Amino acid sequence: MAATAALLALASCGGGRGNAVSTASSASVERVSDYPVKLGDPFTIGTTKYTPEDVALYDDVGLAGIYGGELAGATTANGEPFLAAGVSAAHKTLPMPSYVEVTALDTGRTILVRINDRGPMNNDRVIDLSEGAARQLGIADKGATGVRVRRVNPPENERSTLRAGQPATVRMDTPESLLKVLRDKLAKQAKPVIVVAPPEKPATVTPAKKEPAKALKPAPAAKKEGPKPAPAATKPKDETEPKAVASGSHVVQVAAFASRANADALAKKLGASVAPSADGKLFRVRFGPFATEKEAQAALADAKKRGYPQARMLRE
């Protein structure tokens, strides 16, 4: 995703969404170019390896996420200032920059988007849209949404509009007949299997047998046992929560924020941890600690491949 959102002691990187446009001056926008085109090295997320490549006829469906406020003012993997309010996106393998038409599968609305960042850094989404792109597509309040991502070659006037952080001309909505085909394709994609344990069967209560009427003293009524209470539900572990910092001698620091919420957001995207500074004013996003310098060097190289060239190794 957007490379190092204000490394180390820049307290301003904890700013909210309003910083996105102000951070990029007009001079910064003028430096945005479609050349040279960048691919980058292969990288791994979990057990899945991704190799960036120039696929002219790329066309896929999947889930789209949204990112922006937590990375306002950062530098994208393409080396450009990130504009949360602009119409851009992060993709795992397409060249940077490249242009795609993104279609919301629930409404058919289609927009033109410029890819200038690497991501999403998880395996359940095909693309992450900037806040500006999500608003134009109409999914800003919907969370992960089914989309079609199709690479296109737009005219220069539309390219320059997106480079300036403005939305391009609205596309024609995708017809319902095609949307049905695309929704079916998305539904057939592999999904995680959730195993639910069957509920515990309550204990069977046998009623007490009554004594004959001639008995001098009736037998006391048997005390009925109620059903056994269901075991307390165990809250599943949220794999997206920032990892606790373990013991070790080396760490790889990706960024530092004045806002804990912003640090947590980036840590969740990367599978990293958050470590407050000694004075509690900064929240640092880190990988590790690692027992050896060799392990830390490998993690540092991986962080840079994933689009964080300013990550650095520290000795604790």
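Could you list, in sequence order, the residues of region 277-291 that are surrounded by fewer than 20 Cβ atoms within 10 Å (Cβ to Cβ) and at pLDDT 85 or above?
Across region 277-291, there are no qualifying residues.
Sort out which residues of region 263-276 are under 18 Å from residue 249 (Cα atoms) and either of a type in the set (Phe, Trp, Tyr) or surrounded by 15 or more Cβ atoms within 10 Å (Cβ to Cβ) (or both), and write them in order of number.
Scanning region 263-276 gives 272, 273, 274, 275.
Checking residue 167 against (1) buried (at least 18 other Cβ atoms within 10 Å of the Cβ); (2) in a loop (DSSP other than H, G, I, E, B); (3) under 19 Å from the mean Cα position of the chain (by Cα): exactly one of these is not met. Which one?
Result: residue 167 fails condition (3) only.
Among 147, 181, which is among the aliphatic types (A, V, I, L, M), outside any loop (DSSP other than H, G, I, E, B) and open to solvent by less than 10 Å² (accessible area, probe 1.4 Å)?
Among 147, 181, only 147 is among the aliphatic types (A, V, I, L, M), outside any loop (DSSP other than H, G, I, E, B) and open to solvent by less than 10 Å² (accessible area, probe 1.4 Å).
Against the condition in contact with a Gly (Cβ under 8 Å, 6 or more places away or on another chain), assigned to a helix (DSSP H, G or I) and buried (at least 21 other Cβ atoms within 10 Å of the Cβ), how does residue 162 come out, does it pass?
So residue 162 fits the description; yes.
If I ask for residues that are closer than 22 Å to residue 185 by Cα, among the charged types (D, E, K, R) and in contact (Cβ under 8 Å) with a residue 60 or more places away in the chain, which ones from region 102-125 would you list?
Result: 109, 124, 125.
Taking the criterion of being modelled with pLDDT under 90, in a strand (DSSP E or B) and aliphatic (A, V, I, L, M), would at least one residue in region 35-53 satisfy it?
Taking every residue of region 35-53 in turn, at least one turns out to be modelled with pLDDT under 90, in a strand (DSSP E or B) and aliphatic (A, V, I, L, M).
Within region 228-248, identify whether any single residue is at pLDDT 55 or above, touching a Leu at 6+ places or on another chain (Cβ under 7 Å) and among the small types (Gly, Ala, Ser), and answer yes or no.
Looking through region 228-248, none of the residues is at pLDDT 55 or above, touching a Leu at 6+ places or on another chain (Cβ under 7 Å) and among the small types (Gly, Ala, Ser).
Return the pairs, sorted by first residue and then second, in which the second residue is polar (S, T, N, Q) and open to solvent by less than 50 Å² (accessible area, probe 1.4 Å), the first residue lies in region 143-168 and is touching a residue at least 60 places away in the same chain (Cβ under 8 Å), the beta carbons are less than 7 Å apart, and the residues are 6+ apart or on different chains.
From residues that are touching a residue at least 60 places away in the same chain (Cβ under 8 Å), the pairs are 147/103; 148/103; 151/98; 167/136; 168/161.
The values are calculated or read from the model by the stated rules, or taken from the named source; none is laboratory data. Just so it is clear, the model here is predicted, and its values are computed rather than measured. Positions of Cβ are backbone-derived with ideal geometry, glycine not excepted, and every protein chain shown enters the neighbour counts. The accessibility values were calculated without ligands, DNA or RNA, using every heavy atom of the protein model including side chains. Shrake-Rupley method; radii C 1.70, N 1.55, O 1.52, S 1.80 Å.
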